[in-house]
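> Take a look at this one; I'll ask things after.
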Amino acid sequence: MIPVEFKPVRDLLTFYLESGVDVALDEVPADRFADPALSAVPAEPGPPPRLRPEPRLVAPAAAVQAPPLPEEAIMAARAAARSAASLEALRDIMNGFEGCALRTTAKQLVFGDGSPQARVMFVGEAPGSEEDQTGIPFVGRSGQLLDRMLGAIGIARSEVYIANIVPWRPPGNRDPSIHETQICLPFIQRQIELVDPQVLVCLGKPATATLLGVNDGIKRTRGRWLVYKTDTRDIRAMPMFHPAYLLRNPIEKRFAWRDFLAIKKALAG
Ligand code: URA
């Protein structure tokens, strides 16, 4: 039973959560309107302060640096990703990359997890809250289901490699935008090249559409063997239901089971 005096606080937090505000970025609130770099209100002496800055047509001279245009950011990501000779180098490069605005709201980079020599690599869409807290992909409920499904075919999580298309958590778990996805794409492409798995599994439609260019619904594509092309070779790739979908639709687990058996067979062959 929550004491009655806490109810307004709980209601306010619930309202924040429903509005997508689910992370505290700092210990104290920041009043952006009071930030001199952002405010058009002149300091004393001068005319009385306005409550809100007027809309402006041009950016203020001392404005905070605008994020790069998507095209520039995509090109920068491509060049940066290409220059990574190892997974460690790629992680460092991504940690320093400022072209994706998601990094400013995420707690940290969620790079990848598992064996760099893995024969099978799983790619999801984007980290959620638990992943953002820990810096490890697929550790929340979806990840635990993935671990159990892997266990059912005799594979430990430590034997596979797991990553996401977008390595920073979108605020409030919203879907990553097309621009964010395109900016991050060169990084996951390089990550796949560096792991160089025998089998690539795309978890859910966004990963399937982004990596394999197949835009059909996941119910149509799951379980089909497709090809993921790198510069040097073709990798066998399979779309599969995302574990989060399986948690909501447990009846579909029978299809995931079939797909896992097909992957096991491919790895044995
Ligand atoms: N869902 C994803 O797509 N990725 C994660 O890392 C966790 C949940």
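> Somewhere in region 166-185, is a residue closer than 24 Å to residue 118 by Cα and surrounded by fewer than 19 Cβ atoms within 10 Å (Cβ to Cβ)? Let's see the steps before the verdict.
Of all residues in region 166-185, those closer than 24 Å to residue 118 by Cα come to 166-168, 184-185.
Narrowing further to those that are surrounded by fewer than 19 Cβ atoms within 10 Å (Cβ to Cβ): 185.
There is at least one residue in region 166-185 that is closer than 24 Å to residue 118 by Cα and surrounded by fewer than 19 Cβ atoms within 10 Å (Cβ to Cβ).
> Which one is surrounded by the fewest Cβ atoms within 10 Å (Cβ to Cβ), of the residues in region 110-143 that are hydrophobic (A, V, I, L, M, F, W, C) and within 12 Å of the ligand (Cβ to nearest atom)?
The qualifying residue surrounded by the fewest Cβ atoms within 10 Å (Cβ to Cβ) is 136.
> Somewhere in region 169-182, is a residue modelled with pLDDT of 95 or more, charged (D, E, K, R), within 9 Å of the ligand (Cβ to nearest atom) and assigned to a loop (DSSP other than H, G, I, E, B)? So that I can check it myself, show each step before the final result.
Applying the first criterion (modelled with pLDDT of 95 or more) to region 169-182 yields 169-182.
Remaining after also requiring charged (D, E, K, R): 169, 174-175, 180.
Filter once more, keeping what is within 9 Å of the ligand (Cβ to nearest atom): 169.
Cutting the leftovers down to assigned to a loop (DSSP other than H, G, I, E, B) gives us 169.
The answer is yes; a qualifying residue exists.
> Continuing with the same structure: Pick out the one residue from 146, 194 that is within 15 Å of the ligand (Cβ to nearest atom), of a type outside the set (Lys, Arg), part of a helix (DSSP H, G or I) and in contact (Cβ under 8 Å) with a residue 60 or more places away in the chain.
On inspection, the qualifying residue turns out to be 146.
> Still on this structure: Suppose we filter region 190-225 for residues that are of a type in the set (Ser, Thr, Tyr) and under 19 Å from the mean Cα position of the chain (by Cα); how many remain? Can you show your working first?
Of the residues in region 190-225, the ones of a type in the set (Ser, Thr, Tyr) are 208, 210, 221.
Add one more test, that the residue is under 19 Å from the mean Cα position of the chain (by Cα), and what stays is 208, 210.
Matching residues across region 190-225 total 2.
> Run residue 151 past the list (1) in a helix (DSSP H, G or I); (2) touching a helix residue (DSSP H, G or I) at 6+ places or on another chain (Cβ under 6 Å) and report the number of the one that doesn't hold.
(2)
> Got a number for residues in region 206-245 being touching a Phe, Trp or Tyr at 6+ places or on another chain (Cβ under 9 Å), over 20 Å from residue 190 (Cα atoms) and either within 16 Å of the ligand (Cβ to nearest atom) or of a type outside the set (D, E, K, R) (or both)?
6
> Moving on to the next point. Right, residue 239: in contact with a Ser or Thr (Cβ under 8 Å, 6 or more places away or on another chain), surrounded by 15 or more Cβ atoms within 10 Å (Cβ to Cβ), under 26 Å from residue 267 (Cβ atoms) and in contact (Cβ under 8 Å) with a residue 12 or more places away in the chain or not? Please lay out each step first, then the result.
Numbers: in contact with a Ser or Thr (Cβ under 8 Å, 6 or more places away or on another chain): yes; surrounded by 15 or more Cβ atoms within 10 Å (Cβ to Cβ): yes; under 26 Å from residue 267 (Cβ atoms): yes; in contact (Cβ under 8 Å) with a residue 12 or more places away in the chain: yes.
When the stated conditions are applied, residue 239 passes them.
The values are calculated or read from the model by the stated rules, or taken from the named source; none is laboratory data. Just so it is clear, the model here is predicted, and its values are computed rather than measured. Every residue, glycine among them, receives a Cβ derived from its backbone with ideal geometry; neighbour counts consider all protein chains shown.
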